[in-house]
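Encoded as structure tokens, the structure appears first; notes follow it.
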Amino acid sequence: MTRLPRDLHPLAWWIWAIGLAAYATNTTNPWLLLLLVGVAGFVVAARRGDQPWARSFRLYVGLGVAIVVVRVLFRILLGGVEGHVLLDLPRIPLPHWVLGITLLGPLTREALLAGLYDGLRLAAIVICLGAANALANPKRLLRSVPPALYEVGTALVVAVTLMPQLAESVQRVRRAQQLRTGATGRIGRLRRFVVPVLEDALERSLSLAAGMDTRGYGRSGDASPAERRVTGGLLLAGLCGLCVGTYAVLDHTTPRWLATPMVVVGLVLCIAGLVSAGRRVGRTVYRPDPWRWPELVVAASGLVVGYAGWWLAQHRVLIAYPDVTAAPQASLLALAGILVGLVPAIAAPAPRLVLGGARP
């Protein structure tokens, strides 16, 4: 039986993307990072809709390429890495008080590979999170924010929709300019392109602010001073417990009763504070998003990928962090952990088309 098209719960997409990004943070292996980018791109191509934010994935890919290029250029500029010399560049002398920093100098293969590996890791993280931004509806994501964090969630949703709205503005201005004639010089064409895009972004921001103001966003709560003190005390104590517990987990010289127990106590206090703060926020949700088995499968696939990256960094260090003096290797388990991220391309339902387009 064919499933009806519908939009997957946005939290499921974000959990999946964060799992892929977590894998990327635990490795500098270029083959694994490129495979992560390929998995994210394949799922986006298979399950993105025709909404404006779905067109922003190419911007994130371009940003990832720029990150790699800049990282490699910095390695070339700073130099200072011993190894196999590829190009003997002249060294620029610096003052004596600049210790440990050199400009240019011999360009080694190890320096280029180190810059490439680091840039690929950061680019993979950006592209994985960009995949979630292209697949998840940011407006529907606001419905899933806890009541106590509703105002903060509103600000975050506005922030993450900047790139999709910019992509839509660029495409609309480009189509409009193709129908008109005007300045043919490079500067004139740039001015005709940049000014309308910035003006459209400003108008969208003003419209969004006006719509939020009419719907009561930013209103103050009606809690008493005693309730505010209780809520603030719970949240402050919970954050302190999380900070102490996290430090104890990372520092093995501290007593063990300050590690996991403090983390658990901090989480409990934070949850209690959020529940207390959410009781005085009155809001309704029209047609709440369902959480069904496709959401569970997509979220579970992201968690599996994230755990696979952590396991690889703990038990296969040479594969996760290859040496720049040798060719990077990949294992079957490392590849299988990434390929689990392809599950959403099959398990997630086809997105609902809202602009009347036809999906091949």
### Message
Condition first: in contact with a Pro (Cβ under 7 Å, 6 or more places away or on another chain) and not in a helix (DSSP H, G or I). Now tell me which residues in region 29-60 satisfy that.
### Response
ASN29, ARG48, GLY49
### Task
Return the total of residues in region 329-346 being over 26 Å from the mean Cα position of the chain (by Cα) and either among the hydroxyl-bearing types (Ser, Thr, Tyr) or crowded, with 20+ Cβ neighbours inside 10 Å (or both).
1
## Note on the structure
Output for Cβ contacts, cut-off 8 Å, separation at least six or different chains, first residue surrounded by fewer than 16 Cβ atoms within 10 Å (Cβ to Cβ) in region 99-113, second at pLDDT 75 or above and in a loop (DSSP other than H, G, I, E, B), reads ARG109/VAL324
### Message
So for region 159-174 (the condition being among the β-branched types (Val, Ile, Thr), at pLDDT below 70, part of a helix (DSSP H, G or I) and under 22 Å from GLN51 (Cβ atoms)), does at least one residue qualify?
### Response
yes
### Task
Mind listing just one residue for me: the one in region 277-320 that is buried (at least 18 other Cβ atoms within 10 Å of the Cβ) and at pLDDT below 70 and, of those, farthest from ALA226 (Cα to Cα)?
ASP289
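The values are calculated or read from the model by the stated rules, or taken from the named source; none is laboratory data. As the structure is a prediction and not an experimental result, all values here were calculated from the model. Positions of Cβ are generated from backbone atoms using ideal geometry, with glycine treated the same way; all protein chains shown enter the neighbour counts.
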